[in-house]
Structures are given as structure tokens and as C-alpha cells.
Amino acid sequence: IGSPFGLDQTVTTGIVSALHRQITSPNNFSIDDAIQTDAAINHGNSGGPLLDMDGDVIGVNSQIESDSGGNDGVGFAVPSNTISQIVGSLIDDGSVTHAYLGVAIDDSSATAGGASLAEVRAGTPAARAGLENGDVITKFGDQSVGSADELRRLVDSKQPGDKVELTITRAGKTQTVTVTLGTRPSA
């Protein structure tokens, strides 16, 4: 529902094509669990609600991925539970903060899984805790980490300033490191 190109009270239809997609926000951070839809998302109706057949809001249309730059691509909506958390924080505090580790991660090639640190950014909580490129995070607190996506979700479930014990594998040896999460920068 929206106002594409200034055309008030417009509704488009489509299907939910997939769940749990990862998209990149305008500030280059990941948004997990996005909803993929083939409903048209044009200029003016991004930001509008994505509704299910019962009229319940299940997401907020946010982006389209298109080779041409037009509306002939794949649309994505941020899930309503993610939006609810953000809105709640805005109402309570007037701002939204996200926990930040300060790493670029990939899935580990190890059989046990984990998140492999492709880059530990200088001056970040990860760097201050002594993490290094190539470390594999296998536990975040008491939660097992099976993939890079899982680590992103676990970090996002925390608040800036939280202390977390990480279990890592470095050069075949397991060790624990305590990190104090920071505040994710805006860009």
C-alpha cells in the first residue's frame, strides 16, 4: 500500500517468494530475516506495509534489487517483529542503537561450523579483545555459533556495553575471549 509516483491509495499484490533473506541497509550493515516479495515496490510505496491475506502487517517494504534500476526486480520487506523492536526503542529512548563487534565474517569451512573472522577492524571491540583475522567464533556466551548469520543475530540480540564471552578457535586451539560490545556506527 502506498502512493507510487504520487498516485494516492495504490495497492499492489504479489506473493511472498522467500523468507530469511539478508539485505544490506543504506549504511552497509546487514538486515537479517528480510521477506522477499514479487509485489511491485515503486518510488512512493517503499516504506509501506506488506500485508498478509488477513490484513495483518508482516513487514515494511524497503528495497528492490534490480539490474535495470527500475521496479522490475525482487522486492524486500523488513519483518514486522524487527520494526516493532526499533519502534519500541524510538518511543522509549528517542533513538536506536545496535550492538557492534567490529568484524567482517564468513561461514567457517570447519565441519563444526562457526563464523570465521575475515577482517577485524582496527579500534573496534573485537580488536580491543584481541581477536584476529582467521579466528573462528564457535560460541557466543552460552550459544553455539554455526554460521556467520547466527553470529550476526546473536550480536544483534545484545545491547552496546554488554560483555560476552566468546569461544574461538585459533590455529587449531580453542580459547575464550571476553569482549565488551560497542555501539554500531551509523556508516
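Are any of the residues in the range 62-74 under 15 Å from the mean Cα position of the chain (by Cα), outside any strand (DSSP E or B) and free of Cβ contacts under 8 Å to residues at least 40 places away in the same chain? The answer is no; no qualifying residue exists. Restricting attention to the range 158-181, the residues being touching a Ser or Thr at 6+ places or on another chain (Cβ under 8 Å) and free of Cβ contacts under 8 Å to residues at least 40 places away in the same chain number 10.
Listed here are the residues, each with its yes/no results for (1) in contact with a strand residue (DSSP E or B) (Cβ under 8 Å, 6 or more places away or on another chain); (2) small (Gly, Ala, Ser); (3) at pLDDT 95 or above; (4) under 30 Å from Gly2 (Cβ atoms).
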residue	(1), (2), (3), (4)
Asn61	yes, no, no, yes
Val87	no, no, no, yes
Tyr100	yes, no, yes, no
Lys139	yes, no, yes, no
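Of the candidates Gly182, Gly113, the single residue that is crowded, with 16+ Cβ neighbours inside 10 Å and modelled with pLDDT of 95 or more is Gly182. Residues in the range 1-36 that are assigned to a strand (DSSP E or B) and among the β-branched types (Val, Ile, Thr): Thr10, Val16, Ile23, Thr24, Ile31, Ile35. Among the criteria (1) open to solvent by 60 Å² or more (accessible area, probe 1.4 Å); (2) assigned to a loop (DSSP other than H, G, I, E, B); (3) not charged (D, E, K, R), the one Ile41 does not fulfil is (1).
The values are calculated or read from the model by the stated rules, or taken from the named source; none is laboratory data. Nothing here was measured: the structure is a model prediction, and the numbers come from that model. Every residue, glycine among them, receives a Cβ derived from its backbone with ideal geometry; neighbour counts consider all protein chains shown. Heads up: the accessible areas ignore ligands, DNA and RNA and are worked out on the full protein's heavy atoms, side chains in. Shrake-Rupley method; radii C 1.70, N 1.55, O 1.52, S 1.80 Å.
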